[in-house]
1. Evaluate region 116-131: report whether one residue or more is crowded, with 16+ Cβ neighbours inside 10 Å and over 22 Å from residue 40 (Cα atoms).
2. For residue 53, which of the numbered conditions (1) farther than 19 Å from residue 71 by Cβ; (2) in a loop (DSSP other than H, G, I, E, B); (3) touching a strand residue (DSSP E or B) at 6+ places or on another chain (Cβ under 7 Å) fails to hold?
3. Being under 24 Å from residue 129 (Cα atoms) and surrounded by fewer than 16 Cβ atoms within 10 Å (Cβ to Cβ): is that true of residue 16 here?
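Any read-out appearing in this document is the output of simple, stated calculations on the displayed coordinates, not a laboratory observation. Here the structure is a predicted model, which means the values were calculated and not measured. Reconstructed Cβ throughout: ideal geometry from the backbone, glycine too, with neighbour counts over all protein chains shown.
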């Protein structure tokens, strides 16, 4: 990879900004984003919070507009939403997350790096460490200076107590 590119796809939950799924690849294709989506779906199922009828928003890149990807969304019970072309504001949440990833994880001198990113495994290792930190330790101003996973846990705890009160 020292002479090429590595690509990372994220699935970001808009509520608290948790990254439930991600994937790294040397090829930017539909398979990359499908694997990230399948990881997110599996993560949510393991948590007991599947994406039932959730809206999946993406930019208008060819990976996200491919027929096969649309079929994958449908099979996973997700409703597709595609942003307008050449409008970074339409996809601000993911653009911000990717900007943080590049600044906090990929840049030279990042605490997640132990040297050059020379292989796909290097990229996957630092991405895994960054996503784990981002989800459970990164303080988010928009969430009241708590990590995304904590904000999400509070949300689900509130739902559980609301349902208990209605029983």
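1. Taking every residue of region 116-131 in turn, at least one turns out to be crowded, with 16+ Cβ neighbours inside 10 Å and over 22 Å from residue 40 (Cα atoms).
2. Going through (1) farther than 19 Å from residue 71 by Cβ; (2) in a loop (DSSP other than H, G, I, E, B); (3) touching a strand residue (DSSP E or B) at 6+ places or on another chain (Cβ under 7 Å) one by one, residue 53 breaks only (1).
3. no
Table: residues versus (1) in contact with a strand residue (DSSP E or B) (Cβ under 7 Å, 6 or more places away or on another chain); (2) closer than 15 Å to residue 8 by Cβ; (3) part of a helix (DSSP H, G or I).
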{"position": "71", "(1), (2), (3)": "no, no, yes"}
{"position": "80", "(1), (2), (3)": "yes, no, no"}
{"position": "92", "(1), (2), (3)": "no, no, yes"}
{"position": "95", "(1), (2), (3)": "no, yes, yes"}
{"position": "113", "(1), (2), (3)": "no, yes, no"}
{"position": "117", "(1), (2), (3)": "no, yes, no"}
{"position": "130", "(1), (2), (3)": "no, yes, yes"}
